[in-house]
Amino acid sequence: MTAEGARPDPPADVTVEPATPGDRLDVLRVLDAAMLSTDAATVDDRIDAGDALVARSARTGGVVGALVAVRPDPDRLHVDAVAVRRARRGEGIGAALVAAALDRGASDPAVAAVTATFDADLRGFYEGLGFAVEASGCGRSSGRVWVDDN
């Protein structure tokens, strides 16, 4: 992996794990509350593939954050949506979700790169996680982390 540095851990009271079919509604609610447009069929497909993650409160068992990654190419894992419940933002949960997606990409031999497209004001967030950022010229940026140096 070319991204240097330790991956951020979630807060002590949160675990990050693959989403299960039982998490579907919570994932959709977290993404909807953040005004992200990921449809239910995509969420179902990504849960089945193991490419959807949840951040879960250890105290309540409730989903406090979610990440959905898609595979636009067989060798690329793309962070399609990541969101954290408003009351839990700023605690490092989003960073832990993205870091877990990077780990997912690194553990899958078919994945050569993990990518994301995001608003320009999130550039520092993604750079801090090791993404190389490219401006798109339309107020959005894209980042890419190479998983395999070959």
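Considering only protein heavy atoms, what per residue accessible area in square angstrom results for the range 1-128 with a 1.4 angstrom probe? All intermediate terms of the calculation are to be shown ahead of the outcome.
Numbers: 6250 Å² over 128 residues.
So the range 1-128 comes to 49 Å² accessible per residue, rounded to a whole number.
Convex hull volume of the Cα atoms in the range 1-91, per residue, in Å³? Walk me through the intermediate numbers first.
Values: hull volume 9.9 nm³, N = 91.
Considering the Cα atoms of the range 1-91, their hull volume per residue is 109 Å³.
Using only the heavy atoms of the protein chains and a 1.4 Å probe, how would T42, T117 rank by accessible area, largest first? Write out the running numbers ahead of the final one.
Working: T42 40, T117 65 Å².
Result of the area sort, largest leading: T117, T42.
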Once amide hydrogens are built 1.01 Å from N within the peptide plane, the residues lying 5 or more places from A19 or on another chain with amide H under 5 Å from its amide H are A52, L53, V54
Out of I93, S107, A40 - ranked by how far each Cα lies towards the positive end of the dipole of the range 19-108, with unit charges on the beta-carbon of charged residues - the top one is I93
HN-Hα couplings for the range 102-107 via Karplus (6.51, -1.76, 1.60; θ = phi - 60°), in whole Hz with x for Gly/Pro, come out as 4, 5, 4, x, 5, 8
For the range 1-95, averaging the sequence separation of alpha carbon pairs under 8 Å that lie six or more residues apart and dividing by its residue count, the contact order in percent is 30 percent
Expressed as a percent, the accessible surface of the range 50-136 that is carbon or sulfur, using a 1.4 Å probe and the full set of protein chains, is 50 percent
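The values are calculated or read from the model by the stated rules, or taken from the named source; none is laboratory data. Since the model is a prediction, treat every value here as computed from it, not as a measurement. Cβ: placed from backbone, ideal geometry, glycine included. Neighbour counts: every protein chain shown. Quick note on the areas: whole protein, heavy atoms, side chains included, nothing else; ligands and nucleic acids left out. Shrake-Rupley method; radii C 1.70, N 1.55, O 1.52, S 1.80 Å.
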